[in-house]
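Note sheet for the following structure.
The values are calculated or read from the model by the stated rules, or taken from the named source; none is laboratory data. Everything numeric in this text was worked out from a predicted model, so none of it was measured. Neighbour counts are summed over all protein chains in view; Cβ atoms, including those assigned to glycine, are modelled from backbone coordinates with ideal geometry. Side chains are part of the model used for accessible areas, which takes the heavy atoms of the whole protein and leaves out ligands, DNA and RNA. Shrake-Rupley method; radii C 1.70, N 1.55, O 1.52, S 1.80 Å.
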Amino acid sequence: MNITLIGLSGTGKTLIASLLARNLGKKLVSTDDELVKKTKLSIPKIVKKYGLNKFQELETEVIENMSDFDECIFDAGEMAVMRNENITNLKKNSLIILLTADTKTMASRMRSGKKPALIKSSFINGAKNVFEEYESKCKKAADYTIDTSRLQPEEVCGLIMHYIQMELQ
């Protein structure tokens, strides 16, 4: 069984995925990293060169390939949940955990982080309907949801490990 983390930038996906992979002795796979390997371009450059639709097509190809993996921790890019086929592929062999955080926490983490938020500008610029669709898709896809706003990374990992144990019983 794989564990897939979904959610917006600033919720802790990358850090939690890394800690979880180390704690569980599983391979860490990032959809963003796989896209970069596939295209030899950074995420912002992929979007700039090919546009958002092509980016999503490439991401779907990567996720389809990943759906055959086992015993991995997946750090899914923000846009992954926007395509139903991605969720279908991830659900084949994965427990999906939605990480959330309040906007103040996400903004603080994004300012201090190294990774640019792919869809941050879309949300900040008032695309309320996009956010509502995104939130709805995340909630439907998730097996569990964890608000990371006031939790330490180790606490989030502990909750996820608890959920894994519940699933294995």
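Numbers below:
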read-out: Selection status of ASP32, under 11 Å from the mean Cα position of the chain (by Cα) and either farther than 21 Å from GLU132 by Cβ or buried (at least 16 other Cβ atoms within 10 Å of the Cβ) (or both); value: yes
read-out: Filtered residue count, segment 55-74, keeping only those that are open to solvent by 10 Å² or more (accessible area, probe 1.4 Å), of a type in the set (D, E, K, R) and touching a helix residue (DSSP H, G or I) at 6+ places or on another chain (Cβ under 8 Å); value: 2
read-out: Inter-residue pairs, beta-carbon under 6 Å, first more than 19 Å from THR88 (Cα to Cα) and of a type outside the set (Gly, Ala, Ser) and in segment 43-61, second in a helix (DSSP H, G or I) and open to solvent by less than 20 Å² (accessible area, probe 1.4 Å), 6+ apart; value: ILE46/PHE55; VAL47/PHE55
read-out: Complete set of residues in segment 123-169 that are among the acidic types (Asp, Glu) and at pLDDT 95 or above; value: ASP143, ASP147, GLU154, GLU155
read-out: Given (1) open to solvent by less than 50 Å² (accessible area, probe 1.4 Å); (2) farther than 16 Å from TYR144 by Cβ, index of the condition ILE6 fails; value: (2)
read-out: Condition met for LYS45 (touching a Leu at 6+ places or on another chain (Cβ under 9 Å) and of a type in the set (Lys, Arg)); value: no
